[in-house]
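Chemist: Okay, here's the structure, questions in a sec.
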Amino acid sequence: MAAFIVFEGGDGSGKSTQARMLAESLTGRGLDVVLTFEPGATPRGAQIRALLLGDESAIDARTELLMMLADRAQHVAEVVRPALARDAIVISDRFEPSSLAYQGVGRGLGVEVVSELSAFARGGVDPDVVLLLDVSDEVAAARRPVAEDRIEKAGAEFHSRVRASYRDLALRFGWTIINGEGSPEAVAARVGTCVGAAIGPAS
Ligand code: TYD
């Protein structure tokens, strides 16, 4: 059965690890699973990602948003929609909630306008469940990679704001908040419970 599961969280929340672990676990049960991500999962998207994160030169916040949305439109058209149409389970490392938190709140563009523009970009494809991995600022800082991209370098205050906004947005949009602290296996067990509750026993 088709399902669209999105992992979200600030940089260093561990969502990429958890998305991979869930994909492996569901694949191991014989399910058709597509593990994907934003930004950059398609060939066009990879070019957009390089423009977005590849160098240090300044990008206007609106430009940044529109490039994220261009990537999303291509991702939905090329990966997400076709996979759901053939009844696969799609697991995406980031989707619209990232734009709401990073561009809507982090860059200050406003949640409403980002939500409207992203709705156009995703053309009616909607996650069945959004799992927000929540960790403290300290844990996130410790997990963040040594080589940081342009957004990861945005500073502690920016990332702290993004993390706090994720919690507020989760309440507003009905996302599932999961404690992201502890071992990968401990977090994966919490993820499994939430996915089972959201999309049923097939998971
Ligand atoms: P990614 O490389 O996946 O970072 P991470 O490993 O932390 O997930 O994502 C690149 C950056 O893009 C990340 O800092 C978050 C940012 N981003 C946005 O600002 N808006 C968006 O809509 C998306 C999808 C990502």
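Read the figures in this text as sums done on the coordinates, not as results from a lab. The model shown is predicted, which means the values in this text are computed figures rather than measured ones. Cβ coordinates were reconstructed from backbone atoms using ideal geometry, including for glycine residues, and neighbour counts include every protein chain displayed.
Chemist: For the range 53-59, take each phi angle, set θ = phi - 60°, evaluate the Karplus expression 6.51 cos²θ - 1.76 cosθ + 1.60, and give the result in whole Hz per residue in order, putting x for glycine and proline.
Modeler: 10, x, 10, 8, 5, 5, 10
Chemist: Another question about this same structure. Report the local net charge at residue 8: Lys and Arg +1, Asp and Glu -1, summed over other residues whose C-beta lies under 12 Å from its C-beta.
Modeler: -1
Chemist: Amide H neighbours of residue 36 under 5 Å, at least 5 residues apart or on other chains, H built in the peptide plane: list them.
Modeler: The list, which skips near neighbours in sequence, is 91, 92, 93.
Chemist: Assuming a ≥ b ≥ c are the square roots of the Cα gyration tensor eigenvalues, decide whether the range 32-87 counts as rounded (a/c under 1.5), prolate (otherwise, with a/b larger than b/c) or oblate.
Modeler: On the way: a/c = 3.48, a/b = 2.37, b/c = 1.47.
Here the range 32-87 falls in the prolate category.
Chemist: Calculate one ³J(HN,Hα) per residue across the range 11-18 by plugging θ = phi - 60° into the Karplus curve 6.51 cos²θ - 1.76 cosθ + 1.60, and present them in order as whole Hz with x for glycine and proline.
Modeler: Along the range 11-18, the couplings run 4, x, 7, x, 5, 5, 4, 5 Hz.
Chemist: In addition: If neighbour count is taken as other Cβ atoms inside 10 Å, put 20, 122, 86 in order from fewest to most.
Modeler: Values: 20 16, 122 20, 86 9.
Arranged by neighbour count, lowest to highest, 20, 122, 86 become 86, 20, 122.
Chemist: May I pose another question? Restricting to Cα pairs below 8 Å that are 6+ residues apart, what does the relative contact order work out to for the range 1-153? Please round to a whole percent.
Modeler: Rounded, it is 42 percent for the range 1-153.
Chemist: Kindly identify the range 98-203 as rounded, prolate or oblate by the Cα gyration tensor criterion: order the square roots of the eigenvalues as a ≥ b ≥ c, call it rounded if a/c is under 1.5, otherwise compare a/b with b/c, prolate if a/b is larger, else oblate. Please report the intermediate quantities before stating the final value.
Modeler: Values: a/c = 2.06, a/b = 1.07, b/c = 1.92.
Verdict is oblate for the range 98-203.
Chemist: Grab every C-alpha pair in the chain, bin the distances at 5 angstrom width from 0 up to the longest one, and report whole percents.
Modeler: Percent of Cα pairs in each bin: 1, 7, 16, 21, 21, 18, 11, 4, 1, 0.
Chemist: Would you mind putting 109-116, 53-60, 69-76 in packing order, based on average other-beta-carbon counts within 10 Å, highest first? Write out the running numbers ahead of the final one.
Modeler: On the way: 109-116: 15.0, 53-60: 10.9, 69-76: 22.4.
Output ranking for 109-116, 53-60, 69-76: 69-76, 109-116, 53-60.
Chemist: Also: For Cα pairs less than 8 Å apart in space and 6+ apart in sequence, what is the mean separation divided by the residue count of the range 1-68, i.e. the relative contact order in percent?
Modeler: Relative contact order for the range 1-68 comes out at 16 percent.
Chemist: In addition: How would you classify the range 56-146 from its alpha-carbon gyration tensor, with a ≥ b ≥ c the square roots of the eigenvalues: rounded for a/c under 1.5, else prolate if a/b is greater than b/c, otherwise oblate?
Modeler: Because a/c hits 1.5 or more and a/b fails to exceed b/c, the range 56-146 counts as oblate.
Chemist: Can you give me the long-range amide H partners of residue 3? Hydrogens built in the peptide plane at 1.01 Å from N, cutoff under 5 Å, separation of 5 or more residues or another chain.
Modeler: Close amide H contacts, sequence-distant or interchain: 89, 90.
Chemist: Now for a separate question. With a point put 7 Å past each Cα toward its Cβ, work out how far residue 126 is from residue 60 in nm, to one decimal.
Modeler: Result: 3.3 nm between the two label points.
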